[in-house]
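What follows is a single structure, written as structure tokens, with notes after it.
The values are calculated or read from the model by the stated rules, or taken from the named source; none is laboratory data. These numbers come from a predicted model, not from an experiment. Quick reminder, even Gly has a Cβ in these numbers, built from the backbone with ideal geometry, and neighbours come from all protein chains shown.
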Amino acid sequence: MSDFNEARQRMVERQIVGRGIRDPRVLAAMRSVPREAFVPDYLRDLAYEDRPLPIGNEQTISQPAIVATMLEAADLSPTDVVLDVGTGSGYAAAVAATLAAHVYSIERHAELVAVARDMLARLNISNVTVYLGDGTAGLAEHAPYDAIIAAAGGPHIPDVWRRQLAIGGRIVMPVGRELHYQKLIKLVRHGEDDYRSCSLGEVSFVPLVGADAWPAPDEHRRGADKSGGGGDSGVGGGSGEAGGRGVGGAERGRSCPRSAGEVAGLHGLLAVA
């Protein structure tokens with residue numbers, strides 16, 4: 001275990017601090033959560049590599065630096081309630097749980113839900129609740145959220161997430177018109193109908209699948225067969241930069257201020273997550 005602890009400290013210094021991430025609470029969280037516990041046993045020796053790793057169901061545990069970048073962008077406080085979309089292994093939710101009051105996490109794969117719940121319980125992380133369901137529908141029963149963080153990329157930010165976001169709340173999500181190529185978008189709700197977004201740089205995430213995102217892979221293939229082409233740009237809609245369909249009001253897209261995410265982008269971070 002001491003070897004994993006040493007590897008975790010090196011990961012933070014080289015991969016995260018080295019990319020310009022400075023938030024001391026995020027750095028402490030990344031130092032404290034054992035990533036090796038959230039990867040398959042046969043990949044434990046690779047847990048602190050600068051890369052995503054497969055976890056089953058064609059999903060991955062994200063590259064450590066992108067987890068830190070997204071959490072710093074989400075600007076979590078100890079009283080925040082967070083919606084985590086795409087539980088996966090549960091690692092990102094576990095890290096977020098050290099920064100916020102409670103994390104509600106939703107995952108569409110039942111096998112991953114079971115594994116994540118088990119590992120979070122083993123680690124005595126009691127302020128994460130994992131649900132099985134369509135993450136694009138959010139979780140109305142616990143709204144409003146101070147932050148919504150998505151570990152999968154969609155063609156636009158789902159409308160319902162905006163409505164479930166508190167005034168002053170932040171959404172951090174990969175958005176793009178291609179399945180595996182996006183911009184990491186931060187959207188802030190400044191008023192009832194006032195949403196403003198900025199870009200944190202280019203990333204590559206697994207697709208967000210759901211009623212207000214991409215169709216499931218088999219449905220997408222059937223649609224492509226009928227149309228005679230790939231059809232990616234015709235699914236969903238919206239803008240890759242500003243997050244697409246809005247809920248009234250103004251939304252202005254731009255590059256984010258020089259922060260962890262922007263520094264990561266300047267270092268050429270293309271996260272495959």
Within the stretch 98-107, identify whether any single residue is more than 20 Å from Gln63 (Cβ to Cβ) and among the acidic types (Asp, Glu), and answer yes or no. no
Name every residue in the stretch 181-190 that is without any contact (Cβ under 8 Å) to a residue 40 or more places away in the chain and either within 16 Å of Ala213 (Cα to Cα) or not basic (Lys, Arg) (or both), in order of residue number. Tyr181, Val188, His190
Hey, among Glu72, Glu111, which residue is surrounded by 21 or more Cβ atoms within 10 Å (Cβ to Cβ) and either assigned to a helix (DSSP H, G or I) or modelled with pLDDT under 95 (or both)? Glu72
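Conditions (1) modelled with pLDDT of 95 or more; (2) crowded, with 24+ Cβ neighbours inside 10 Å; (3) closer than 22 Å to Val203 by Cα, marked per residue:
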| site | (1), (2), (3) |
| --- | --- |
| Ile55 | yes, no, yes |
| Thr60 | no, no, yes |
| Pro64 | yes, yes, yes |
| Ala68 | yes, yes, yes |
| Ala116 | yes, yes, no |
| Leu120 | yes, yes, no |
Every residue from the stretch 202-214 that is more than 18 Å from Leu132 (Cβ to Cβ) and surrounded by fewer than 22 Cβ atoms within 10 Å (Cβ to Cβ): Glu202, Ser204, Trp214
So which pairs qualify, if the first residue must be in the stretch 1-28 and of a type in the set (S, T, N, Q), the second must be part of a helix (DSSP H, G or I) and buried (at least 20 other Cβ atoms within 10 Å of the Cβ), the Cβ gap must be under 9 Å, and the two must be at least 6 apart or on different chains? Gln15/Pro64; Gln15/Ala65; Gln15/Ala68
Looking across the stretch 1-28 at residues that are of a type in the set (A, V, I, L, M) and part of a helix (DSSP H, G or I), the single one that is nearest to the chain's Cα centre (by Cα) is Val26
Confirm whether Thr87 is at pLDDT below 95, under 29 Å from Ala143 (Cβ atoms) and in contact with a Gly (Cβ under 9 Å, 6 or more places away or on another chain). no
Answer residue from the stretch 170-181, given it is more than 16 Å from Asp84 (Cβ to Cβ) and either among the aliphatic types (A, V, I, L, M) or modelled with pLDDT of 95 or more (or both) and is nearest to the chain's Cα centre (by Cα) among those: Val175
Inside the stretch 205-217, can you point out the residues that are touching an Asp or Glu at 6+ places or on another chain (Cβ under 9 Å) and part of a strand (DSSP E or B)? Val209, Trp214
Hey, could you check the stretch 76-108 for residues that are outside any strand (DSSP E or B) and among the charged types (D, E, K, R) and say which is surrounded by the fewest Cβ atoms within 10 Å (Cβ to Cβ)? Asp80
Within the group Ile148, Ile167, which residue is part of a strand (DSSP E or B), exposed (fewer than 14 other Cβ atoms within 10 Å of the Cβ) and at pLDDT 95 or above? Ile167
Given (1) crowded, with 22+ Cβ neighbours inside 10 Å; (2) on the phi > 0 side of the Ramachandran plot, index of the condition Asn124 fails: (1)
Taking the stretch 145-168, which residues are within 24 Å of Ala116 (Cβ to Cβ) and without any contact (Cβ under 8 Å) to a residue 40 or more places away in the chain? Leu165
